[in-house]
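A.B. asks: Okay, here's the structure, questions in a sec.
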């Protein structure tokens, strides 16, 4: 199962995800960090990833934002998420933000444990243009 599906991100194929990843890698304001572990056949398995980016705003100061992070369920509580967050934050100093679904209470606890504080709650609106 691809890692992203552990968070119910099932809206795309692997080829679509690969295209998005290539765009992120080519961008100078987006970064993707990966943690791998060797399996019994000495092949590397991805056990976690974090996508972050520099968010520029017109009316307020810029900040860095965690756009997504997933750690394989079998590798959780081993420090991988903290490792990813710490690495991203040490690579890009400044204010950091992350948004989490209201329903992901365990995720809220994780971010509080690594030093984030709740600064606001909000609604997210979406509309497609043609």
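The values are calculated or read from the model by the stated rules, or taken from the named source; none is laboratory data. These numbers come from a predicted model, not from an experiment. Positions of Cβ are backbone-derived with ideal geometry, glycine not excepted, and every protein chain shown enters the neighbour counts.
A.B. asks: Under 8 Å between Cβ atoms, at least 6 apart or on separate chains: pull out the pairs that start in segment 105-127 with a residue that is under 12 Å from residue 82 (Cα atoms) and end on any residue that is exposed (fewer than 10 other Cβ atoms within 10 Å of the Cβ).
C.D. replies: From residues that are under 12 Å from residue 82 (Cα atoms), the pairs are 112/118.
A.B. asks: Are there helices (runs of 4 or more DSSP H) fully within segment 1-117 with at least 3 residues that are under 13 Å from the mean Cα position of the chain (by Cα) and modelled with pLDDT under 95? List them.
C.D. replies: Numbers: elements: 14-26, 80-91, 105-113.
By residue number, no helices (runs of 4 or more DSSP H) qualify.
A.B. asks: If you don't mind, there's one more thing I want to ask. Need the failing condition index for residue 61 against (1) out of contact with any helix residue (DSSP H, G or I) (no Cβ under 6 Å at 6 or more places or on another chain); (2) surrounded by 11 or more Cβ atoms within 10 Å (Cβ to Cβ), just the number.
C.D. replies: Residue 61 satisfies every listed condition except (2).
A.B. asks: Ok, one more. From 48, 67, grab the single residue that is over 23 Å from residue 95 (Cβ atoms) and surrounded by 14 or more Cβ atoms within 10 Å (Cβ to Cβ).
C.D. replies: Details: 67 fails: over 23 Å from residue 95 (Cβ atoms).
48 is the lone residue from the list that is over 23 Å from residue 95 (Cβ atoms) and surrounded by 14 or more Cβ atoms within 10 Å (Cβ to Cβ).
A.B. asks: In this structure, is residue 92 touching a residue at least 24 places away in the same chain (Cβ under 8 Å) and touching a helix residue (DSSP H, G or I) at 6+ places or on another chain (Cβ under 7 Å)?
C.D. replies: no
A.B. asks: Within segment 21-43, restricting attention to residues that are surrounded by 12 or more Cβ atoms within 10 Å (Cβ to Cβ) and free of Cβ contacts under 8 Å to residues at least 12 places away in the same chain, which residue is nearest to residue 84 (Cα to Cα)?
C.D. replies: 36
A.B. asks: Going through segment 93-111 one residue at a time, which ones are touching a strand residue (DSSP E or B) at 6+ places or on another chain (Cβ under 7 Å) and surrounded by fewer than 15 Cβ atoms within 10 Å (Cβ to Cβ)?
C.D. replies: Result: 94, 95, 97.
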